[in-house]
1. Restricting the search to the range B:89-115, which residues are more than 12 Å from chain A (Cβ to nearest Cβ) and either touching an Asp or Glu at 6+ places or on another chain (Cβ under 8 Å) or without any contact (Cβ under 8 Å) to a residue 60 or more places away in the chain (or both)?
2. Check the range A:47-59 and report whether any residue there is closer than 15 Å to A:Ile164 by Cβ and either within 13 Å of another protein chain (Cβ to nearest Cβ) or within 19 Å of the chain's Cα centre (by Cα) (or both).
3. Would you say B:Val35 is surrounded by 15 or more Cβ atoms within 10 Å (Cβ to Cβ) and not in a loop (DSSP other than H, G, I, E, B)?
4. Somewhere in the range B:66-73, is a residue without any contact (Cβ under 8 Å) to a residue 40 or more places away in the chain, over 23 Å from B:Ser160 (Cα atoms) and not assigned by TED's automatic domain parsing to the domain that holds B:Glu125?
5. I'd like the residue in the range A:48-64 that is in contact (Cβ under 8 Å) with a residue 12 or more places away in the chain and assigned to a helix (DSSP H, G or I) and, out of all such residues, is nearest to B:Asn88 (Cα to Cα).
6. Just name the residue that is nearest to the chain's Cα centre (by Cα) out of those in the range B:77-100 that are crowded, with 24+ Cβ neighbours inside 10 Å and within 13 Å of A:Arg93 (Cβ to Cβ).
7. Select from the range A:65-88 the residues that are outside any helix (DSSP H, G or I) and facing chain B (nearest Cβ under 8 Å) and list them in ascending order.
8. Listed residues A:Gly121, A:Gly42, A:Gly29; which is away from every other protein chain (no Cβ under 14 Å), modelled with pLDDT of 95 or more and at positive phi?
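The values are calculated or read from the model by the stated rules, or taken from the named source; none is laboratory data. Source: prediction; values computed, not measured. Backbone-built Cβ (ideal geometry, glycine too); neighbour counts: all protein chains shown.
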Protein chains: 2
Amino acid sequence: MNAPQKIRLYDYFESGNAYKVRLVLSQLGIDFERVHLDILKGETRTAAFVARNANHRVPTLEWPDGRCLAESNAILFYLADGTRLLPNDAWKRAEVLQWMFFEQYSHEPNIAVARFWHFSGQATENAARLPEKMEGGTHALGVMENHLAERSYFVGEEYSIADIALYAYTHVAHEGGFDLVPYPAIRAWLDRVAAQPGHVRISDDVGELVDWAEDD
Amino acid sequence: MNAPQKIRLYDYFESGNAYKVRLVLSQLGIDFERVHLDILKGETRTAAFVARNANHRVPTLEWPDGRCLAESNAILFYLADGTRLLPNDAWKRAEVLQWMFFEQYSHEPNIAVARFWHFSGQATENAARLPEKMEGGTHALGVMENHLAERSYFVGEEYSIADIALYAYTHVAHEGGFDLVPYPAIRAWLDRVAAQPGHVRISDDVGELVDWAEDD
């Protein structure tokens, strides 16, 4: 298989960043296929994949015409533009981007990385650095709790890709050792996001799983 | 001084992230005032500033009507929308965002943090972690060099905020110990960016520097 027949997601099932894309594709009703690359086995480091994303990360999206796009939140913005998942108003779009950059800089590197160390068996070797991740993650959760205390969603009281970006790793934060009990506003918001029409879970098998031979 | 009279940038002179905003405001001819907050002295942790950005980071922009926006690349996108610094084409905008998220996730946490450790006198205490920053930064520079080998700018052969976002910390990467000699395409691109009309340097005193009493 060389060029995909429909939008192809280069995926890693446990990745919250990849899950964001699966969720948006599902909620927008976009048919897609999915190639699972095991990052723990180095499957994103092959020449064939690096040709699609020189930064060798999932998620990466590939279109039948050969275009590729990386960075989960850039993918979300592109897919959601013109849909109910991204406001048209310029200021609200700025706020959506603010929260998505917050997610990638202040949230994901702490909460997702702590979770990754746990499930990949690297918690012991990174034990000395875990307190810094816990402190950074706790700060990020505090910023979110404070914001959500008076709001239903992150931007303009409407569900958007800002919520999706932050939901991805927040709803599995306990897998990285973060206790969400002290964050009632976050927990209520997680429930609101999960109740959205077309919601799929991180463990749901969505899209058509296809094999991908490296030498294609 | 309570509400600003014109757009106010909460700034830290040595910050590449803040410099991005100074550069875009200058190139777009937007009049602005500037409050310098010394992050090394905790001046972003005051209640007055946290009320403007709960994540207590510079740059933060404040408008005379009280709106505040954080995250350098979200600010760039908002300011540049509708100008020559951001393409209108949806795919090119996706690519701009892809590079801006790459910058915040794969570039800045390595290259900017290594530089920060050096100039803030924290290099010795972080010596054990410096190799990881050097490896991550070197990878990011490799991705950039590879992309620029056949291009003049990051997206669509036009200067955009993607270039500005990546220029900010790349052009001072040597201050973090990164040698740019092995990256001829990056060095040629740095020269092209610096030759753009209205370019200002990170050390240039732009905007009106104003005092800001914390209890305002």
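1. First, pick out the residues of the range B:89-115 that are more than 12 Å from chain A (Cβ to nearest Cβ): B:111, B:114-115.
Result: B:Arg115, single match.
2. Initially, the range A:47-59 is screened for residues closer than 15 Å to A:Ile164 by Cβ, giving A:59.
Then keep just the ones that are either within 13 Å of another protein chain (Cβ to nearest Cβ) or within 19 Å of the chain's Cα centre (by Cα) (or both); that gives A:59.
Yes, the conditions are met somewhere in the range A:47-59.
3. Here the answer is yes, as B:Val35 does meet what is asked.
4. Residues of the range B:66-73 that are without any contact (Cβ under 8 Å) to a residue 40 or more places away in the chain, as a first pass: B:67-71.
Now drop any that are not over 23 Å from B:Ser160 (Cα atoms), which leaves B:67-68.
Add one more test, that the residue is not assigned by TED's automatic domain parsing to the domain that holds B:Glu125, and what stays is B:67-68.
Yes: the range B:66-73 contains one or more residues that are without any contact (Cβ under 8 Å) to a residue 40 or more places away in the chain, over 23 Å from B:Ser160 (Cα atoms) and not assigned by TED's automatic domain parsing to the domain that holds B:Glu125.
5. Taking the range A:48-64 and keeping what is in contact (Cβ under 8 Å) with a residue 12 or more places away in the chain, we get A:48-49, A:52-53, A:55-64.
Next, only the ones that are assigned to a helix (DSSP H, G or I) stay: A:48-49.
Numbers: A:Ala48: 31, A:Phe49: 29 Å.
Among those that are in contact (Cβ under 8 Å) with a residue 12 or more places away in the chain and assigned to a helix (DSSP H, G or I), it is A:Phe49.
6. B:Phe77
7. Of all residues in the range A:65-88, those outside any helix (DSSP H, G or I) come to A:65-71, A:81-88.
A:Arg67, A:Leu69, A:Ala70, A:Glu71, A:Asp81 - these are the residues of the range A:65-88 that are outside any helix (DSSP H, G or I) and facing chain B (nearest Cβ under 8 Å).
8. A:Gly29
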